Amino acid sequence: MTQAIEQHDAAADEAAQVVTIDNYMEQPVVLDVNHVEKWFKLPTEQASGLKQAFINWTKGIKGYKKQQVLKDVTFQVHRGEFFGIVGRNGGGKSTLLKIISQIYYPNSGSVHVEGKLVPFIELGVGFNPELTGRENVYLNGALLGFTPEEVDAMYDDIVEFAELEDFMDQKLKNYSSGMQVRLAFSVAIKAQGDILVLDEVLAVGDEAFQRKCDDYFTKVRQDPTKTVILVTHDMSAVKRYCTRAMFIRNGEVAAIGDRETVSESYTLANLEAAQEENERKQQEALAHGREEYPNGLNERCPLLRTYGVSPLMLTSDDVFRFAVEYDFDETDDFYLAIALHDIRRGGITFDTGARNPQMHLTKPGHHTVYFEMPLDLFNNGEFRLITSLRTPIPGDDAMTDAVAVALDDNACTFVIRDPRNTNYALINNRALSITPISEQEAEAAAAEQRAHEHASATTPAQKHTAQ
Ligand SMILES: Nc1ncnc2c1ncn2[C@@H]1O[C@H](COP(=O)(O)OP(=O)(O)OP(=O)(O)O)[C@@H](O)[C@H]1O
C-alpha cells in the first residue's frame, strides 16, 4: 500500500514538472535570441570584366542588392518547452533555424544556446551517399560532437527506431528517400542532445513512421529536460505538441505566445494573403485578358469570385459581409447559389438553393453584389462559401444549369474563433443547449406534450361531442 502511494506521488511529481504555458517561466532559458538581423546579398548587375567592375564602381553601382531576411528577431525558449515556429514560405524560418544551429551567422544580434543542440533541418547534411548506413550514423554522430563510444551506446536504438536493421551495411545511395529520412531523423532524435531543432519533419516518412514520430513527440513533450524547436506549417501539430509558438512574417516576429493565438494569427494572415493574391490575379486578368480560365470558370462567365468584405476572422456575435463579383453577359434571368462548406467537420452546412428568389440577378455584365450572414448559430470553425452562377432550364420550374462555379482561390474562406465556443459541435451552446433534468420533469413534460398532441389531433367537432 505504502509502495503504491509512493509510486503515485512519484508519478504526480513527474507530471508536475511537465513544462506548460503556465510554468515555463520557472525553467531556465536554454535559447536566447537577441535582436537578430540577417540579410543576403543578391547579385543584380554582373560586371563582365575588370573594366565593367571599375565603371560600376565609379557610378556607385554595387552589383548586388541587400535582401533583409530577418529583422530584429528576439525571443527566448525555456528548458522543457516544445516551441513551434510557423510562417508562410520564404518568411525566414529556415534561416532562423540555421542561425540557431550556427550554420549561418547573424549580421547583427546574438544567439546564446545552453546545452547540446542537435539540428535536423536539412536532409542530406552530414550524410554521405557513398558510405553505408552504419558509417553514416558514425559520421553524423561525429559531426554532432559525439565520440565513437557514445555513438556505440546509441547505435542500436537509432537503427531500431529507423527500422533499418537489415539495411545498415548497404550504401546510403541505395536507400529510398523515405529510408534516408528515417535514418537521419532517428539519428537526430536518439542522439542524446538537450535541444532538438527540427524543420518540417512531420511532412516526411510514411504513415507508420509518422505515427512513430507522433508517439515520440508526445513523449518528449512530457520530458522536462528536453527542449524541442519545431518549424512547421501544420497547425494541428502546433496545437498537439507545442507549449508556445511564434509566427514569423516577412522576417519579423508577428506573434509569440500561446499556441491558439499564434495559430490563429497565422491562419488569418494566410486567408488575407490568399484573398489579396486572388484580387491581384483578377486585376491582372482583367487588364491583360485571359489565356485560360481558372477552375470553374469559362468563356461564358470569365469572372465569378466571392470575397470577404468583413474581416476574415470573426466571432459568433459578428455578421459576416461578403461580395460576389461576376461577369456574365448573356441573359437577364440568372441566379447565384451559395453553399456554406464546413472545412473542419466536412459537408455542406447550408445551401441557398439553386433558384432562391433573393439570389435572382437581373443585371448582366460586370457587377458586384453584397450579402450578409449572421454567425450567431455557429461554433468555431473554418468555412468556405462556394458560389455558382446558374440559369434556369426553360420549361422546368426547379432545375438550373450551373454556368460557372467560384472554386479554389475564387471561393471565400472565413474562420470563426470565439473564446466562448469551446466544443467541437457545429452549432454553439448559446444557440442550442442540452440541460440535465430529473426523471419526474422528463415524464411530466412528455405527458404534457402527449396531451397537447392529442388535443390538437382531436377535431373541434369531436371536442364538442366529447363535452
Ligand atoms: N543562402 C541564401 N542566399 C540568398 N537568399 C536566401 C538564402 N537563404 C534564404 N534566402 C532567402 O531568404 C528568404 C527566407 O528564406 P527561408 O528559407 O528562411 O524561409 P522559410 O520561412 O524557411 O520558407 P519555407 O517555409 O519555404 O521553408 C527567402 O526569400 C530566400 O530566398
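The values are calculated or read from the model by the stated rules, or taken from the named source; none is laboratory data. Remember, it's a predicted structure, so these values are computed and weren't measured experimentally. Because the Cβ atoms are built from the backbone with ideal geometry, glycine has one as well, and the counts that use them run over all protein chains shown.
Can you name the number of the only condition in (1) touching a Leu at 6+ places or on another chain (Cβ under 6 Å); (2) within 15 Å of the ligand (Cβ to nearest atom); (3) not acidic (Asp, Glu) that GLY126 fails?
(2)
Can you confirm whether PHE247 is farther than 21 Å from GLY91 by Cα, out of contact with any Lys or Arg (no Cβ under 8 Å at 6 or more places or on another chain) and buried (at least 19 other Cβ atoms within 10 Å of the Cβ)?
Numbers: farther than 21 Å from GLY91 by Cα: no; out of contact with any Lys or Arg (no Cβ under 8 Å at 6 or more places or on another chain): yes; buried (at least 19 other Cβ atoms within 10 Å of the Cβ): yes.
Here the answer is no, as PHE247 does not meet what is asked.
Hey, any hits in the stretch 125-137 for a residue that's assigned by TED's automatic domain parsing to the domain that holds ASP199, over 33 Å from the mean Cα position of the chain (by Cα) and without any contact (Cβ under 8 Å) to a residue 24 or more places away in the chain?
Yes, because at least one residue in the stretch 125-137 is assigned by TED's automatic domain parsing to the domain that holds ASP199, over 33 Å from the mean Cα position of the chain (by Cα) and without any contact (Cβ under 8 Å) to a residue 24 or more places away in the chain.
I'm trying to understand the selection: among the residues of the stretch 94-106, which are more than 9 Å from the ligand (Cβ to nearest atom) and buried (at least 19 other Cβ atoms within 10 Å of the Cβ)?
Taking the stretch 94-106 as the starting set, the residues that turn out to be more than 9 Å from the ligand (Cβ to nearest atom) are 99-103, 105-106.
Matches in the stretch 94-106: ILE99, ILE100, SER101, PRO106.
Go through (1) at positive phi; (2) surrounded by 14 or more Cβ atoms within 10 Å (Cβ to Cβ) for LEU198 and report which single condition fails.
Result: LEU198 passes all but (1).
Being over 23 Å from ASN23 (Cβ atoms) and at pLDDT 90 or above narrows it down to one residue among LEU230, LEU164, LEU202, LEU268; which is it?
Working: LEU230 fails: over 23 Å from ASN23 (Cβ atoms); LEU202 fails: at pLDDT 90 or above; LEU268 fails: at pLDDT 90 or above.
When all the criteria are applied, what remains is LEU164.
Which of the residues belonging to the stretch 59-93 are surrounded by 14 or more Cβ atoms within 10 Å (Cβ to Cβ), assigned to a strand (DSSP E or B) and within 11 Å of the ligand (Cβ to nearest atom)?
If the condition is that a residue be surrounded by 14 or more Cβ atoms within 10 Å (Cβ to Cβ), assigned to a strand (DSSP E or B) and within 11 Å of the ligand (Cβ to nearest atom), then GLN68, VAL69, LEU70, ILE85, VAL86 are the ones that fit.
Is it the case, given these coordinates, that THR306 is of a type in the set (S, T, N, Q) and assigned by TED's automatic domain parsing to the domain that holds VAL405?
Numbers: of a type in the set (S, T, N, Q): yes; assigned by TED's automatic domain parsing to the domain that holds VAL405: yes.
Considered against the rule, which asks whether it is of a type in the set (S, T, N, Q) and assigned by TED's automatic domain parsing to the domain that holds VAL405, THR306 comes out as yes.
What's the total number of residues in the stretch 353-377 that are modelled with pLDDT of 90 or more, surrounded by 17 or more Cβ atoms within 10 Å (Cβ to Cβ) and assigned to a loop (DSSP other than H, G, I, E, B)?
Total satisfying the criteria: 1.
Test ALA254 against the criterion of being in contact (Cβ under 8 Å) with a residue 12 or more places away in the chain and crowded, with 20+ Cβ neighbours inside 10 Å, and give yes or no. Walk me through how you get there before you give the answer.
Working: in contact (Cβ under 8 Å) with a residue 12 or more places away in the chain: yes; crowded, with 20+ Cβ neighbours inside 10 Å: no.
Judged against the criteria, ALA254 is not a match.
Taking LEU50 as the residue in question, decide whether it is of a type outside the set (Val, Ile, Thr) and either exposed (fewer than 12 other Cβ atoms within 10 Å of the Cβ) or more than 16 Å from the ligand (Cβ to nearest atom) (or both).
On the way: of a type outside the set (Val, Ile, Thr): yes; either exposed (fewer than 12 other Cβ atoms within 10 Å of the Cβ) or more than 16 Å from the ligand (Cβ to nearest atom) (or both): yes.
Yes.
Could you check, for the stretch 274-294, whether at least one of its residues is at positive phi, of a type in the set (Asp, Glu) and touching a residue at least 12 places away in the same chain (Cβ under 8 Å)? Before you say what the answer is, go through the steps one by one.
Narrowing the stretch 274-294 to residues at positive phi: 289.
Still in the running and of a type in the set (Asp, Glu): none.
For the stretch 274-294, residues at positive phi, of a type in the set (Asp, Glu) and touching a residue at least 12 places away in the same chain (Cβ under 8 Å): absent.
State which residue is nearest to ASN379 (Cα to Cα) when the search covers only the stretch 315-336 and only residues that are under 27 Å from the mean Cα position of the chain (by Cα) and part of a loop (DSSP other than H, G, I, E, B). Quick ask: steps written out before the conclusion?
So in the stretch 315-336, the residues under 27 Å from the mean Cα position of the chain (by Cα) come out as 315-324.
Still in the list and also part of a loop (DSSP other than H, G, I, E, B): 315-318.
Details: THR315: 9, SER316: 7, ASP317: 11, ASP318: 12 Å.
This residue is SER316.
Looking at the stretch 231-250, I want the residues that are away from the ligand (no atom under 16 Å from the Cβ) and have a partner that is among the small types (Gly, Ala, Ser) with Cβ atoms under 6 Å, at least 6 apart or on another chain. Which pairs are those?
Hits for this filter: CYS242/GLY84.
Can you spot a residue in the stretch 107-117 that is within 14 Å of the ligand (Cβ to nearest atom) and hydrophobic (A, V, I, L, M, F, W, C)? Working first, answer last.
From the stretch 107-117, those within 14 Å of the ligand (Cβ to nearest atom) are 107; that's our starting set.
Next cut, hydrophobic (A, V, I, L, M, F, W, C) only: none.
No: the stretch 107-117 contains no residue that is within 14 Å of the ligand (Cβ to nearest atom) and hydrophobic (A, V, I, L, M, F, W, C).
Among the residues of the stretch 157-189 satisfying the criterion of being among the basic types (Lys, Arg) and in a helix (DSSP H, G or I), which is farthest from the chain's Cα centre (by Cα)? Lay out the reasoning, then the answer.
Going through the stretch 157-189, the residues among the basic types (Lys, Arg) turn out to be 171, 173, 182.
Subset that is in a helix (DSSP H, G or I): 173, 182.
On the way: LYS173: 33, ARG182: 24 Å.
It comes out as LYS173.
Only residues that are among the aliphatic types (A, V, I, L, M) and not in a strand (DSSP E or B): list them for the stretch 244-282, please. Please lay out each step first, then the result.
Within the stretch 244-282, the subset among the aliphatic types (A, V, I, L, M) is 245-246, 248, 253-256, 262, 268-269, 271, 273-274.
Hits for the stretch 244-282 are VAL262, LEU268, ALA269, LEU271, ALA273, ALA274.
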